[in-house]
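Written out below as structure tokens is the structure these notes cover.
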Amino acid sequence: MKSAVVQLPGLNRDRDMIAALTRISGQAPVTVWQTETEIPDVDLIVIPGGFSYGDYLRCGAIAARMPVMQAIREKAAQGVKVLGVCNGFQILVEAGMLPGALMRNTSLKFVCREVKLEVVNAETDFTRAYAQGQIIRCPVAHHDGNYFVEAETLKAMEDKGQVVFRYAEGTNPNGSMMDIAGVVNDAGNVLGMMPHPENLIEAAHGGTDGRGIFASALDVIAA
Amino acid sequence: MIKARVTVTLKNGVLDPQGKAIEGALGSLGFEGVHQIRQGKVFDLELDTSDRAKAEEDLKAMCEKLLANTVIENYSIALL
């Protein structure tokens, strides 16, 4: 399956994401610059992490208004899978493609460590490689990962299985509501998550727990 | 030209860890009895128009589209 990685000024995890997608899918993703208004025919579009536009105004706020986002919105409406990691997640919520908002960590500190994630919904396009309720390891590195959503919206999201990952075993690094670490949109083809699965995909990383997200999305789950 | 000030504040019910930290710092400076600190943002702007109604309409659109995240923030507009 083909993939694309979006590049914006200030994103710095794009190389790691390109390496992960290349390793897992066997082909390099195409890269898409922020001013592009058309995205090539791909099955998965990834917005990687970093600090787009220096996190000015609000994390992801300015990137979310760039021309490429309109193109991504159109692709998502056609059913193309979209994955936003860290700043990519912040951009997706700022673009209104995912519910909620990501606020400053309650500790007010930048956190860079490993957490445990519970796979709350293993039936999404991004989590089929995992078992329901499976606990995986994953690194996080962010200052604004404190997920907030109105109670009413949260209830609807939980009923529909839109909460996909929760921080497990007391490892919530940012104070996010209900330990939420990753959510999908109503249609299930747009996933945003704060942790960085691209940094735990091969033995040299110290584990391969993050691989399942890409294997699921790229449809290359080992039999 | 019209000058304007846009104020963006967190909605009620949204936790503000920065406000809490500031409240704690004021307490440690000896300012007692200070509660409910909420940190916000202020934008001062100049608009190339003399039409106050249009200015207000444009500012509202700016807030909705960029200056505020209406999931968590309220905004108010003042023409100066």
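GNM on chain A, C-alpha springs below 10 Å: top fluctuator among A:Ser25, A:Ser107, A:Ser52?
Among A:Ser25, A:Ser107, A:Ser52, the largest mean-square fluctuation in the Gaussian network model of chain A belongs to A:Ser107.
Give the aspartates and glutamates reachable from B:Lys41 as a straight Cα distance under 18 Å; neighbours fewer than 8 places away on the same chain don't count.
A:Asp55, A:Glu94, A:Asp144, B:Asp16, B:Glu23, B:Glu64, B:Glu73
Go through A:Lys81/A:Lys116; A:Lys116/A:Lys155; A:Lys81/B:Lys11 and tell me which ones have a Cα-Cα distance over 26 Å in this structure.
A:Lys81/B:Lys11
Could you list the GluC sites (Glu not before Pro) in chain B that lie in coil according to DSSP, counting only those with at most 11 other Cβ atoms within 10 Å of their Cβ?
Taking chain B and a limit of 11 other Cβ atoms within 10 Å, the loop GluC sites (Glu not before Pro) found are B:Glu32.
Probe radius 1.4 Å, ligands and nucleic acids left out: which of B:Leu79, A:Leu200, A:Leu108 has the largest accessible area, and how do the rest follow?
Accessible-area ranking of B:Leu79, A:Leu200, A:Leu108, largest first: A:Leu108, B:Leu79, A:Leu200.
What shape does chain B have by the C-alpha gyration tensor, where a ≥ b ≥ c are the square roots of the eigenvalues, rounded means a/c under 1.5, and otherwise prolate means a/b greater than b/c and oblate the rest?
It comes out prolate by the Cα gyration axes.
Going by Cα centres, segment B:63-80 and segment A:43-78 are how many Å apart?
Measuring centre to centre over Cα atoms gives 21 Å.
Normalising by the residue count of chain A, find the relative contact order in percent from Cα pairs under 8 Å and 6+ residues apart.
It comes to 20 percent, rounded to a whole number.
At a probe size of 1.4 Å, how large is the accessible area of A:Leu11, to the nearest 10 Å²?
20 Å²
What is the sum of charges around B:Thr9, taking Lys and Arg as +1, Asp and Glu as -1, for the other residues whose C-beta is under 9 Å from the C-beta of B:Thr9?
Residues close to B:Thr9 contribute a combined charge of +2.
Leaving out ligands, DNA and RNA but keeping every protein chain, what accessible area does A:Asp14 have, in Å² rounded to the nearest 10, with a 1.4 Å probe?
Result for A:Asp14: roughly 30 Å² accessible.
Magnitude of the Cβ-charge dipole of chain B, K/R +1 and D/E -1, about the Cα centre, nearest 20 debye?
With only Lys, Arg, Asp and Glu charged at Cβ, the dipole is about 120 debye.
Please list, or write none, the aspartates and glutamates whose alpha carbon is within less than 17 Å of the alpha carbon of A:Lys75, excluding same-chain residues fewer than 8 places away.
Excluding near neighbours in sequence, the set is A:Glu36, A:Glu38, A:Asp41, A:Asp43, A:Asp125, A:Asp186.
Counting only protein chains, not ligands or nucleic acids, how are B:Leu15, B:Leu26 ordered by accessible area (probe 1.4 Å), most first?
Result, largest first: B:Leu15, B:Leu26.
With both partners inside the protein assembly as shown, how many of the DSSP beta bridges are antiparallel, as a percent to the nearest 5?
70 percent
Which residues' amide hydrogens lie under 5 Å from the amide hydrogen of A:Gly84, considering only partners 5 or more residues apart or on another chain, with H built in the peptide plane?
When sequence neighbours closer than 5 places are left aside, the close amide H contacts are A:Ile47, A:Leu191, A:Gly192, A:Met193.
Under the rule a/c < 1.5 gives rounded, and otherwise a/b versus b/c splits prolate from oblate, where does segment A:3-217 land using the Cα gyration tensor?
rounded
With charges only on Cβ, +1 for K and R and -1 for D and E, what is the dipole size of the protein assembly as shown about its Cα centre, in debye, rounded to 20?
Dipole of the protein assembly as shown, to the nearest 20 debye: 380 debye.
Kindly sort A:His142, B:His35, A:His205 by accessible area of their heavy atoms, largest first, with the probe set to 1.4 Å.
Descending order: B:His35, A:His205, A:His142.
Straight distance only, please: which lysines reach the Cα of B:Lys54 with their own Cα at less than 19 Å, same-chain residues fewer than 8 apart left out?
Excluding near neighbours in sequence, the set is B:Lys3, B:Lys65.
How big is the dipole moment of segment A:1-85 about its Cα centre under a simple scheme where the beta carbon of each Lys and Arg is +1, that of each Asp and Glu is -1, and everything else is neutral? Debye, nearest 20, please.
Computed about the Cα centre, the dipole is about 180 debye.
The values are calculated or read from the model by the stated rules, or taken from the named source; none is laboratory data. Every value quoted in this text rests on a predicted model; they were computed, and no experiment measured them. Note: ideal-geometry Cβ built from the backbone for every residue, glycine included; neighbour counts use all protein chains shown. Remember, those area values only see protein heavy atoms, side chains included, never the ligands or the DNA or RNA. Shrake-Rupley method; radii C 1.70, N 1.55, O 1.52, S 1.80 Å.
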